[in-house]
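The values are calculated or read from the model by the stated rules, or taken from the named source; none is laboratory data. These figures come from a predicted structure and were not determined experimentally. Cβ: placed from backbone, ideal geometry, glycine included. Neighbour counts: every protein chain shown.
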Amino acid sequence: MDFQKIQLPREIHTGEGVIEETGAICKDLRISGKVLVVTGHHTLKVAGEKAIKSLQDEGFEVENITIEKASKDAVIEVQDGIGSASIVLGVGGGKVIDVAKLASTRSGIHFISVPTAASHDGIASPRASIKNEGGSVSLKAKPPLGIIADTSIISKAPFRLLAAGCGDIISNYTAILDWQLSHRLLNEYYSDSASALSLMTAKMTMKSADAIKEGLAESAGLVVKALISSGIAISIAGTSRPASGSEHKFSHALDIVAPKPALHGEQCGLGTIMMMYLHGGDWKFIRDTLKTIKAPTTAHEMGIKPEYIIEALTKAHTIRKERYTILGDRGLTEESAEALAVTTGVI
């Protein structure tokens, strides 16, 4: 018989100042013993110190590791530092959370996600994006046991990160279209409930585009909740399909070919405009919503030369070949890639 196991976060705490409750939340989750807090150098000052103090006030022994980037070495460093710790807290942006998530999964202990920015759906998803020699790889991991998202901290992060998070959510549109296509053509497994959650999340974010403003805790809360929903859709599906399709392939290809790639969510947003055009959908609506959110809609706004956009489009189908999308098995020719980027105003 086929059994499906769905693992979801047990508790999600969002709101202004909620990081001060980190220790009490861990107590409620029946956590005891040593806690390892993983941060970045900047996020240690912004949020890590508050989380550590809250844990110590509740009697927890705390150790801290600061990491530079989401690399294999960083994952190994955190694994080595776990020792007798009973849980890992990732306090930081996407890189910190991905490293802490993967290290805790490999060490067989729980993980709590404490985001300081809302830039992509790794906050809650059972995936970790780790950089290697040829760009970044998305690896299977356990979703967090809990999420502590302090909206006052997240709203103070550069607005560009929040706009990128919106790009990552909006990309659910084309991810679902690609998944449905593969289901129809190749009979790939498809989950109605995961798709419904993923699409509802994207629709609600697009509907609220006017309300997503810089420095507002409410805006941060809106985007964080959407990113968490997106991550949960991935857990329900047991695959990243509900939130990752041809637009993500384009973004990963851009990571490889561009000397200085933009943010993941920015690239996915740009990819969604073009992939929606290929699907015959309302790509202008996607573009206009991204503009409203002040996310980039052109290569120029992302600081990427047109030739890298074209090269990434021609290479995108080679990323995760087993995942069928609108790009097919043969991908786009250079001419059709250029025509696509020009028609949609990306270049």
**Request:** Could you pull out every one of the helices (runs of 4 or more DSSP H) wholly within the range 246-347 that has 2 or more residues that are small (Gly, Ala, Ser), more than 18 Å from Ser171 (Cβ to Cβ) and more than 21 Å from the chain's Cα centre (by Cα)?
**Result:** 334-343
**Message:** So the check is Cβ under 6 Å with 6+ separation or different chains; which pairs have a first residue in the range 332-347 that's in contact (Cβ under 8 Å) with a residue 60 or more places away in the chain and a second one that's small (Gly, Ala, Ser) and part of a helix (DSSP H, G or I)?
**Reply:** Val346/Ala299
**Prompt:** Mind checking which pairs have a first residue in the range 125-144 that is outside the structural domain of His248 (by TED's automatic domain parsing) and in contact (Cβ under 8 Å) with a residue 12 or more places away in the chain and a second that is surrounded by fewer than 16 Cβ atoms within 10 Å (Cβ to Cβ) and assigned to a loop (DSSP other than H, G, I, E, B), Cβ under 6 Å, 6 or more apart or different chains?
**Reply:** Pro143/Gln7
**Prompt:** Just one of Ile286, Ile319 is in contact with a Lys or Arg (Cβ under 7 Å, 6 or more places away or on another chain) and not assigned by TED's automatic domain parsing to the domain that holds His120; which is it?
**Reply:** Ile319
**Item:** Residue that is farthest from Lys131 (Cα to Cα) [pool: residues in the range 29-71 that are under 27 Å from the mean Cα position of the chain (by Cα) and acidic (Asp, Glu)]
**Value:** Glu49
**Message:** Could you check the range 230-242 and list, in sequence order, the residues that are over 16 Å from Gly94 (Cα atoms), in a helix (DSSP H, G or I) and among the small types (Gly, Ala, Ser)?
**Reply:** Ala233, Ser235, Ala237
**Item:** Among residues of the range 43-63, those that are part of a helix (DSSP H, G or I) and either closer than 19 Å to Gly15 by Cα or touching a residue at least 24 places away in the same chain (Cβ under 8 Å) (or both), counted
**Value:** 14
**For Glu49: the one exception among (1) under 18 Å from Thr151 (Cα atoms); (2) modelled with pLDDT of 95 or more; (3) surrounded by 23 or more Cβ atoms within 10 Å (Cβ to Cβ); (4) not β-branched (Val, Ile, Thr)** = (3)
**Request:** Name the one entry in Ala157, Ala163 that is under 20 Å from Lys69 (Cα atoms) and not polar (S, T, N, Q).
**Result:** Ala157
**Request:** Would you be able to say whether some residue in the range 83-104 is buried (at least 21 other Cβ atoms within 10 Å of the Cβ), polar (S, T, N, Q) and not assigned by TED's automatic domain parsing to the domain that holds Ile169?
**Result:** yes
**Prompt:** Can you spot a residue in the range 1-8 that is among the basic types (Lys, Arg), surrounded by fewer than 18 Cβ atoms within 10 Å (Cβ to Cβ) and modelled with pLDDT under 95?
**Reply:** yes
**Asked** Mind checking whether some residue in the range 267-283 is among the charged types (D, E, K, R), over 29 Å from Asn132 (Cα atoms) and either surrounded by fewer than 23 Cβ atoms within 10 Å (Cβ to Cβ) or out of contact with any Phe, Trp or Tyr (no Cβ under 6 Å at 6 or more places or on another chain) (or both)?
**Response** yes
**Message:** Going by what's in this entry, would Gly17 be described as touching a helix residue (DSSP H, G or I) at 6+ places or on another chain (Cβ under 7 Å), closer than 13 Å to Ile112 by Cβ and either buried (at least 21 other Cβ atoms within 10 Å of the Cβ) or not assigned by TED's automatic domain parsing to the domain that holds Tyr189 (or both)?
**Reply:** no
**Complete:** Residue pairs qualifying under the 9 Å Cβ cut-off, at least six apart or on distinct chains, with the first in the range 66-92 being farther than 15 Å from Thr39 by Cα and the second being among the basic types (Lys, Arg), are Lys72/Lys131; Gly83/Lys34; Ser84/Lys34; Ala85/Lys34; Ser86/Lys34
**Request:** Could you list all residues from the range 284-317 that are in contact with a Ser or Thr (Cβ under 6 Å, 6 or more places away or on another chain) and either of a type in the set (A, V, I, L, M, F, W, C) or touching a residue at least 24 places away in the same chain (Cβ under 8 Å) (or both)?
**Result:** Ile286, Arg287, Leu290
**Request:** Sort out which residues of the range 196-237 are over 20 Å from Phe285 (Cα atoms) and touching a Phe, Trp or Tyr at 6+ places or on another chain (Cβ under 8 Å), and write them in order of number.
**Result:** Glu214, Gly215
**Request:** Examine the range 211-220 for a residue that is among the hydroxyl-bearing types (Ser, Thr, Tyr) and more than 16 Å from Thr289 (Cα to Cα), and state whether such a residue exists.
**Result:** no
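Can you tell me which residue among Ser71, Ser84, Ser32 is closer than 16 Å to Gly146 by Cα, at pLDDT below 95 and polar (S, T, N, Q)?
Matching residue, one of Ser71, Ser84, Ser32: Ser32.
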**Matching helices (runs of 4 or more DSSP H) fully within the range 147-205 where at least 3 residues are free of Cβ contacts under 8 Å to residues at least 24 places away in the same chain, of a type outside the set (S, T, N, Q) and surrounded by fewer than 24 Cβ atoms within 10 Å (Cβ to Cβ)** = none
